[in-house]
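Single-structure report; data block below.
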Amino acid sequence: MFKHSEYKPRSRFERWFEARLPIIGFSYDTAVSYPVPRNLNYLWTFGGILTLMLASQIATGVFLAMHYVPNADLAFQSIERIMRDVNYGWLIRYLHATGASMFFIAVYVHIFRGLYYGSYKAPREILWLLGIINFLLMMATAFLGYVLPWGQMSFWGATVITNLFSAIPLVGETIVQYLWGGYSVGNATLNRFFSLHYLLPFMLAGTVTLHIWALHHVGQNNPTGVEITDFKKDTVPFTPEATMKDVFSIVTFMLFFAYWVFYMPNYLGHADNSIPANPAVTPAHIVPEWYFLPFYAILRAIPDKLGGVVAMAAAVLILAFLPWLDTSKVRAMSYRPIARWMLWAFVVAFIGLGYLGSRPAEGGYVIAAQIFTAVYFGYFVALPVIGLFERPLPLPLSINESVLGRHKAAEPVSDSSVVQMRQVKGG
């Protein structure tokens, strides 16, 4: 996708500056003239939404760090002071806390789009792997941030999650003591978590930059999964076509975000976190934030502690192997009737696990979680097999034809026929 820069400096200063640091030309080629497939839909706008949310989280986080006190005796009171005494502190805190949930809503939609349209397939494997790294950094940052208010759920959530590392043979106890900074969750733990929570978003910003760089190198996927064959017919400049679509989606998402901030800022949290941390009183039901609930349900679905930890970790890490697990040559699930139904079963299982993660680990809830866990992992087990015998629907010969609707219906074709058709089209 690399091509010569289309930026033409107009003034003498611009020519001088561009010859020494071509940042203006790079920005122009990235955000203005960059060619994008002309058939992109609104699911492709969530990348821009995520970039904006990351910037918002970093900006509000830096402001909050100016007033937060990472001390076990003062942390809870410092949050209350931010809410009551700091000018607009309540707004900044709600933007940050609710923004974490909005961040995960956007990233789950972004991941679903990648799964549905096969955006993980060659030549985009590294792009996908960088996305998984971003997701892991997001999860770590969110968990660390949830501990900082030092309420009841913060304290006991930290206790439960860090104790999971003790299941690792030989080194588990040592890791837990290092995380705690002692023999229990306390002041040292809070200081360590605050330091990491402040650091990781900047690391995330770096990996997001690599993610965007990789995207611009290999080019964007599109709803048909057909590669670009003619830049003039198959693509449009990023600005104004894609930019206007991004702006509309961002404004819509910000209105959705604002509704939660101003009308329901505490709805997605837990009431027990409004109570100062008390090591002597265990909450009746310890649960993480909603965006961790599917993985928490998988953890509890396995009766063995080590097995549960392995399954929970595998539920995330297995996503990194999708480029090699999916054996079909067709990207988009729109053209894969069997795999499409499998993916929707996977989505239902993920949502079901999210609900079950908020329920007590007893009776039918555990059985249902075990069933949904089997469906979740079953998707990755069945995907390589389905790709070998599934007969995809006919693909358009080009992106341009898919937009204009010129391709005619035909009999379902095999993967090998699809590859041959695309090779003939590409010359």
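Can you name the residue in the stretch 365-382 that is touching a residue at least 60 places away in the same chain (Cβ under 8 Å) and of a type outside the set (S, T, N, Q) and is also farthest from LEU293 (Cα to Cα) among such residues? Full working, then the answer.
Taking the stretch 365-382 as the starting set, the residues that turn out to be touching a residue at least 60 places away in the same chain (Cβ under 8 Å) are 366, 369-370, 372-373, 376-377, 380.
From what's left, of a type outside the set (S, T, N, Q): 366, 369, 372, 376-377, 380.
On the way: VAL366: 14, ALA369: 11, PHE372: 13, TYR376: 14, PHE377: 16, PHE380: 20 Å.
Here the answer is PHE380.
You will find that of GLY269, GLY225, GLY206, the residue that is touching an Asp or Glu at 6+ places or on another chain (Cβ under 9 Å) and not in a strand (DSSP E or B) is GLY269 and no other.
I'm checking my understanding of the structure. Among residues of the stretch 92-129 that are of a type in the set (Ser, Thr, Tyr) and either buried (at least 21 other Cβ atoms within 10 Å of the Cβ) or over 11 Å from the mean Cα position of the chain (by Cα) (or both), which one is nearest to TYR379 (Cα to Cα)? Walk me through it before giving the result.
Going residue by residue through the stretch 92-129, those that are of a type in the set (Ser, Thr, Tyr) are 94, 98, 101, 108, 116-117, 119-120.
Adding the requirement that they be either buried (at least 21 other Cβ atoms within 10 Å of the Cβ) or over 11 Å from the mean Cα position of the chain (by Cα) (or both) leaves 94, 98, 101, 116-117, 119-120.
Values: TYR94: 37, THR98: 32, SER101: 26, TYR116: 13, TYR117: 16, SER119: 17, TYR120: 16 Å.
Result: TYR116.
If the condition is being without any contact (Cβ under 8 Å) to a residue 60 or more places away in the chain and either under 24 Å from GLY225 (Cβ atoms) or surrounded by 15 or more Cβ atoms within 10 Å (Cβ to Cβ) (or both), then the stretch 1-45 contributes LYS3, TYR7, PRO9, PHE17, GLU18, PRO22, GLY25, TYR28, ASP29. Scanning the stretch 21-49 for residues that are among the hydroxyl-bearing types (Ser, Thr, Tyr) and at pLDDT below 95 returns SER27, TYR28, THR30, SER33, TYR34. Of the numbered criteria (1) surrounded by fewer than 17 Cβ atoms within 10 Å (Cβ to Cβ); (2) at pLDDT 95 or above; (3) not small (Gly, Ala, Ser); (4) not in a helix (DSSP H, G or I), the one VAL330 fails is (1).
Would you call PHE238 loosely packed, with under 13 Cβ neighbours inside 10 Å and of a type in the set (Phe, Trp, Tyr)? Considered against the rule, which asks whether it is loosely packed, with under 13 Cβ neighbours inside 10 Å and of a type in the set (Phe, Trp, Tyr), PHE238 comes out as no. Condition check: crowded, with 17+ Cβ neighbours inside 10 Å and under 26 Å from TRP324 (Cα atoms). Does LEU164 satisfy that? No. Considering each of LEU388, LEU397 in turn, give the residue that is assigned to a loop (DSSP other than H, G, I, E, B) and over 28 Å from PRO288 (Cβ atoms). Only one candidate passes the filter, namely LEU397. Of the residues making up the stretch 276-294, those that are in a loop (DSSP other than H, G, I, E, B) and not aliphatic (A, V, I, L, M) are ASN278, PRO279, THR282, PRO283, HIS285, PRO288, GLU289. Looking at the stretch 125-137, is at least one residue within 20 Å of LEU268 (Cα to Cα) and not hydrophobic (A, V, I, L, M, F, W, C)? Within the stretch 125-137, none of the residues are within 20 Å of LEU268 (Cα to Cα) and not hydrophobic (A, V, I, L, M, F, W, C).
Among the residues in the stretch 163-184, are any under 24 Å from the mean Cα position of the chain (by Cα) and of a type outside the set (Lys, Arg)? Walk me through how you get there before you give the answer.
Going through the stretch 163-184, the residues under 24 Å from the mean Cα position of the chain (by Cα) turn out to be 164-165.
Imposing the further condition that a residue be of a type outside the set (Lys, Arg) reduces the set to 164-165.
Checked against the condition, which is being under 24 Å from the mean Cα position of the chain (by Cα) and of a type outside the set (Lys, Arg), the stretch 163-184 yields at least one hit.
When the stretch 185-211 is limited to residues that are surrounded by 13 or more Cβ atoms within 10 Å (Cβ to Cβ) and without any contact (Cβ under 8 Å) to a residue 24 or more places away in the chain, the one that is nearest to the chain's Cα centre (by Cα) turns out to be ARG192. Filtering the stretch 166-184 to residues that are touching a residue at least 12 places away in the same chain (Cβ under 8 Å) and closer than 24 Å to ASP304 by Cβ leaves ALA167, ILE168, PRO169, VAL176, LEU179, TRP180.
Among the residues of the stretch 348-365, write down those that are of a type in the set (A, V, I, L, M, F, W, C), crowded, with 16+ Cβ neighbours inside 10 Å and out of contact with any Phe, Trp or Tyr (no Cβ under 6 Å at 6 or more places or on another chain). Give the steps one after another, and end with the answer.
Restricting attention to the stretch 348-365, the residues satisfying the condition of being of a type in the set (A, V, I, L, M, F, W, C) are 348-351, 353, 356, 361.
Next, only the ones that are crowded, with 16+ Cβ neighbours inside 10 Å stay: 349-350, 353, 356.
Selection gives PHE350 alone.
Tallying residues that are without any contact (Cβ under 8 Å) to a residue 24 or more places away in the chain and under 27 Å from the mean Cα position of the chain (by Cα) within the stretch 51-69 yields 3.
Return the residues of the stretch 70-91 that are small (Gly, Ala, Ser) and either over 32 Å from the mean Cα position of the chain (by Cα) or under 15 Å from PHE155 (Cα atoms) (or both); say none if nothing qualifies. Let's see the steps before the verdict.
First, the residues of the stretch 70-91 that are small (Gly, Ala, Ser): 72, 75, 78, 89.
Scanning the stretch 70-91 gives ALA72, ALA75.
Among the conditions (1) surrounded by 15 or more Cβ atoms within 10 Å (Cβ to Cβ); (2) over 29 Å from the mean Cα position of the chain (by Cα), GLY48 misses just one, which is (2).
Quick one: in the stretch 70-85, which of the residues that are outside any helix (DSSP H, G or I) and free of Cβ contacts under 8 Å to residues at least 40 places away in the same chain is farthest from GLY181 (Cα to Cα)? Quick ask: steps written out before the conclusion?
The initial filter retains those residues of the stretch 70-85 that are outside any helix (DSSP H, G or I), namely 70-74, 85.
If we keep only those that are free of Cβ contacts under 8 Å to residues at least 40 places away in the same chain too, we end up with 74, 85.
Numbers: LEU74: 18, ASP85: 32 Å.
If we take residues in the stretch 70-85 being outside any helix (DSSP H, G or I) and free of Cβ contacts under 8 Å to residues at least 40 places away in the same chain, then ASP85 is farthest from GLY181 (Cα to Cα).
Determine whether the stretch 239-259 contains at least one residue that is more than 22 Å from the chain's Cα centre (by Cα) and among the basic types (Lys, Arg). Scanning the stretch 239-259, I find no residue that is more than 22 Å from the chain's Cα centre (by Cα) and among the basic types (Lys, Arg), so the answer is no. Here is a check on your reading of the model: is GLU6 acidic (Asp, Glu) and not in a loop (DSSP other than H, G, I, E, B)? When the stated conditions are applied, GLU6 does not pass them. Taking first residues from the stretch 330-343 that are touching a residue at least 24 places away in the same chain (Cβ under 8 Å) and within 17 Å of ARG124 (Cα to Cα) and partners that are in a loop (DSSP other than H, G, I, E, B) and among the hydrophobic types (A, V, I, L, M, F, W, C), the Cβ contacts under 7 Å between residues at least 6 apart in sequence or on separate chains come to VAL330/LEU395.
The values are calculated or read from the model by the stated rules, or taken from the named source; none is laboratory data. Here the structure is a predicted model, which is why all the values come from computation and not from measurement. Positions of Cβ are generated from backbone atoms using ideal geometry, with glycine treated the same way; all protein chains shown enter the neighbour counts.
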